[in-house]
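No value in this document is a laboratory result; all are computed from the given coordinates. Small disclaimer: the values here were computed from a predicted structure and weren't measured. Here the Cβ positions follow ideal geometry from the backbone for every residue, glycine too, while neighbour counts run over all protein chains shown.
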Amino acid sequence: MSGATATLSGVTKRYGAQCAVDGVDLVLQPGERVALVGHNGAGKSTLIKLMLGLVRPNAGRIVVLGADPAHGAAAKAEIGYLPENLVLQPSATGAELMAFYASLKRQPVAHNRAILERVGMGEAAKRRVHTYSKGMRQRIGLAQALIGTPRLLLLDEPTTGLDPALRQHFYEIVDELAHRGTTVLISSHALAELENWSDRVVVMSRGRKAADGTITDLRELAERPVRIRITLPEGNISLLPESLGTALEWERIGERVIELRCPAADKAEVVRRLATSPVAFRDIEILVPTLDEIYAHFLQREAAE
Amino acid sequence: MRAIAIIAAKEVRDGLRNRWVVAITLLMAALALTLTLLGSAPTGTVGVSPLSVVVVSLSSLTIFLVPLIALLISYDAIAGEIERGTMGLLLSYPVARFEVVTGKFLGHAAILGIATIIGYGAAGAALAFGGGVEPGAWTAFAAMVGTSILLGAAFIALGYLASALVRDPRTAGGIAVGIWLFFALIYDMALLGILVADKGRTVTPAVLDALLLANPADAYRLLNLTGFSNVSLFAGMAGLAQQMALGKAALAAALVAWTAVPLSLAALVFARREL
């Protein structure tokens, strides 16, 4: 456990009667890319702020980079943070803001150039922030978080409102850090966006951790069926499912299209049997549950408890 | 220490950049020059140094203007930055909260200091060119500029306290206006009313002294209008000056306390605050 970037144990944070974070345990390892997902108000931002020491827990223990974040500022030199809805000072230029933040982190201002180039703001950094688009402001926001190559990068809804190309660029940049051992945690309310990016997904619901694992783990946990769509040639369409032997759930969804449903764990077996089936088919399409389906499942389960 | 200097420098740079410094300097210079030129016109024959007159009129102006400017530049400092998310970002850096408050305070005090020195200095320079300023009056003038900055610092600290206490920067702005109205206008009127009604029964000179120290604007007024004989004569405060038990040191200490106490309270409130 000593190698963990951040360890939260039994952390609870209440605002009056409302419980923003409720008994959360979380361990983040070096190089991990973690997607923190949940509805607005599920406790994502509070969890991040707890790790930064901006709010103090009512119960539980937090250790980030070997220190309690609410006390002692030293460990913060190795943390990068991009707050949600950051409003940068409009009259300053991007380069000036970067110089300010770099000097606070005791990093050479000369290194800023490379960071600004990396986020695609090499030229625009000379201009004032009020001339920037939303995407450019977010790039500067990311750039300041990258100063000094942090060991922990906490990005609170960094890609909300950005176009898909820029979003992809964001993920590429943080991936480079993750490869070098930085723990990256990105929060979002749209899980699908982070599907191909994250090593691990933590689902928050009403302050509690509803799920935590790799995407594959979550798929299995959610027990959502895999759907297999098969387009058949002329003939009796019920022949195929019958040829597969076991009672598979299926329905006809088109003129010549049927949809089979099976548990994710049985998917490989079903496909194998399909391949050896005497009934020929024209096309096959395997629909694994989307992240949003899985996510909705966990949220519903949490709400039902 | 380093972080304090960096934050203070940024505050000054921002002040220059968004033209606060220029606007305040021009306003103070314009009002100071107007008072200087109008103020010296009727005094040509009585033989009073125009500079002493200027000290009287400028310190009367300062009592209203400087606290207002100080509160305007300070009320947003904490609540506004929290709302914009920049405070959370700043605190994610290796910076302690007291360093943020101290750095910002020094930056804002410097902005006000620059504006006061240049603005009032312009009036002083205009007089110096006119000639006929007796050497002693410069001491009173310099003390006036210095204490004006100190008065500003006290109200910056009060503005920070308001900004640290409330969540919404607009509420902090409302409180700042309230603070200004209370100390610059209402306090003296209320005090006068009490003195008239009381006729010296319970409000003894000692109580009055305490009441005057309880308002930084009054401490400033007494310090400048009674501190120098020429000035007090012209301010019509000579009688009061002789009766006052309060020395210059006590008045200056009151102003320093009016800066240090609210600033410490603001830092204390901010240290416990959750973002």
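Brief remarks follow.
- Cα-based shape type of chain B, given that a ≥ b ≥ c are square roots of the gyration tensor eigenvalues and the cut on a/c is 1.5: oblate
- Each of B:116, A:12 has some number of other Cβ atoms within 10 Å of its Cβ, and from fewest to most they run A:12, B:116.
- Shape summary of the stretch A:6-220, radius of gyration then Dmax from alpha carbon positions: 16.9, 51 Å.
- Amide H to amide H, with H built 1.01 Å from N, residue A:204 comes under 5 Å of A:37, A:38, A:210, counting only residues 5 or more places away or on other chains.
- Label-to-label distance, nm, for residues given as residue A:267 and residue A:40 (7 Å Cα→Cβ offset): 3.3 nm
- Relative contact order, percent, chain B [alpha-carbon distance under 8 Å, six or more residues apart]: 29 percent
- Two tests apply to each whole DSSP H helix in chain B, Cα reach of 27 Å or more along its axis and mean Kyte-Doolittle hydropathy of at least -1.0, and the ones passing both are B:20-40, B:50-74, B:97-130, B:135-165, B:248-272.
- Overall form of the protein assembly as shown per C-alpha gyration tensor (a/c, 1.5; a/b vs b/c): prolate
- Exposure proxy ranking, count of Cβ atoms within 10 Å, fewest first, for A:269, B:83, A:255: A:255, A:269, B:83
- Footprinting exposure proxy ranking of B:108, A:169, fewest other C-beta atoms within 10 angstrom first, gives A:169, B:108.
- The DSSP beta bridges internal to the protein assembly as shown are antiparallel in roughly 65% of cases.
- Hits among lysines - C-alpha to C-alpha of residue B:199 under 28 Å, sequence gap 8 or more where chains match: B:248
- DSSP beta bridges in chain A [antiparallel fraction, %, rounded to 5]: 65 percent
- Per-peptide packing, taken as the mean over residues of other Cβ atoms within 10 Å, places B:9-17, B:157-165 in the sequence B:157-165, B:9-17 from highest down.
- Kyte-Doolittle mean at least 1.0, axial Cα span of 30 Å or more - DSSP H helices of chain A: none
- Cα-based shape type of the stretch B:139-194, given that a ≥ b ≥ c are square roots of the gyration tensor eigenvalues and the cut on a/c is 1.5: oblate
- Rounded to the nearest 500, the helix-only mean residue ellipticity at 222 nm of the protein assembly as shown stands at -17500 deg cm²/dmol, with each DSSP H run of n ≥ 4 adding -39,500 (n - 2.57).
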